[in-house]
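Some notes on the structure that comes next.
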Amino acid sequence: MDINMIITQFIGAIGYGTLALSYFKKNKKEILFMEIIAYIFFTIHYYLLNGITGAICNLIGLFALVSIYLFDKYKLKNKYLVSIFFVIILLIINIMNFQNIYSIFPMIASTIVIISFLSNDENKIRIVGVISAICWLIYAIVYKSYIAIVFEVITLINVFLALFRNIKK
């Protein structure tokens, strides 16, 4: 493995570590903030792996999460319209840049994550995290994101633990 691949995997590790920690946060604002940080690293990671669909999905997801975060923070209205706008943009750009059949997985993951943050139910957000992790795991295998493979499995375990912990409460 060359130095560029090691750096690329390390960037992915920062993103996935941040995502895994986000599911243990107690409220939506904290979850969103942590995921914004994770998406920055995911975008860079997949771009460096030439996973264009993954990079695009993460970049658009990043803008959507920042928008939703700001809408919640400042109690703005019409976050539903903004979210739908991002989903439409996500689908259009990815269809135009469609690489292969595996491109569908980050598109699904990104779409459901954007939609899930319209909910105020943290457990619904966590459930979507499970589905999203499975989609990204498949994509990571195809694009040889070794760190993503490991961390998607860890994320799945963490999300399940956080979900069960919060359901008990």
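A few remarks follow.
- Answer from PHE98, PHE160, PHE151, PHE164 - the residue that is farther than 17 Å from ILE31 by Cα, aromatic (Phe, Trp, Tyr) and assigned to a helix (DSSP H, G or I): PHE151
- Any hit, segment 68-77, residues being of a type in the set (Val, Ile, Thr), surrounded by fewer than 19 Cβ atoms within 10 Å (Cβ to Cβ) and part of a helix (DSSP H, G or I): no
- Of residues in segment 40-52 being surrounded by 24 or more Cβ atoms within 10 Å (Cβ to Cβ) and assigned to a helix (DSSP H, G or I), the one modelled with the lowest pLDDT: PHE42
- Scanning segment 32-69 for residues that are within 22 Å of SER119 (Cβ to Cβ) and touching a Cys at 6+ places or on another chain (Cβ under 9 Å) gives a single hit, PHE42.
- MET107 satisfies every condition listed in (1) outside any helix (DSSP H, G or I); (2) buried (at least 21 other Cβ atoms within 10 Å of the Cβ) except (1).
- Scanning segment 90-130 for residues that are small (Gly, Ala, Ser), modelled with pLDDT under 90 and under 18 Å from ALA140 (Cβ atoms) yields SER110, GLY129.
- Flag for ILE141 being modelled with pLDDT of 90 or more and among the aliphatic types (A, V, I, L, M): yes
Condition check ((1) closer than 27 Å to ILE101 by Cα; (2) surrounded by fewer than 14 Cβ atoms within 10 Å (Cβ to Cβ); (3) not aliphatic (A, V, I, L, M)) across all residues:
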| residue | (1), (2), (3) |
| --- | --- |
| ILE127 | yes, no, no |
| VAL130 | yes, no, no |
| CYS135 | yes, no, yes |
| ALA148 | yes, no, no |
| LEU156 | yes, no, no |
| LEU163 | no, no, no |
| ASN166 | no, no, yes |
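- No other residue among LEU81, LEU91, LEU62 is surrounded by 16 or more Cβ atoms within 10 Å (Cβ to Cβ) and on the phi < 0 side of the Ramachandran plot apart from LEU62.
- First in segment 59-85 and of a type in the set (Val, Ile, Thr), second anywhere and not in a helix (DSSP H, G or I), Cβ under 7 Å, 6 or more apart: ILE68/PHE117
- Taken together, ILE138, ILE125, ILE157 contain a single residue that is touching a residue at least 40 places away in the same chain (Cβ under 8 Å) and β-branched (Val, Ile, Thr), which is ILE125.
The values are calculated or read from the model by the stated rules, or taken from the named source; none is laboratory data. Everything quoted here is computed from the prediction, not taken from an experiment. Positions of Cβ are generated from backbone atoms using ideal geometry, with glycine treated the same way; all protein chains shown enter the neighbour counts.
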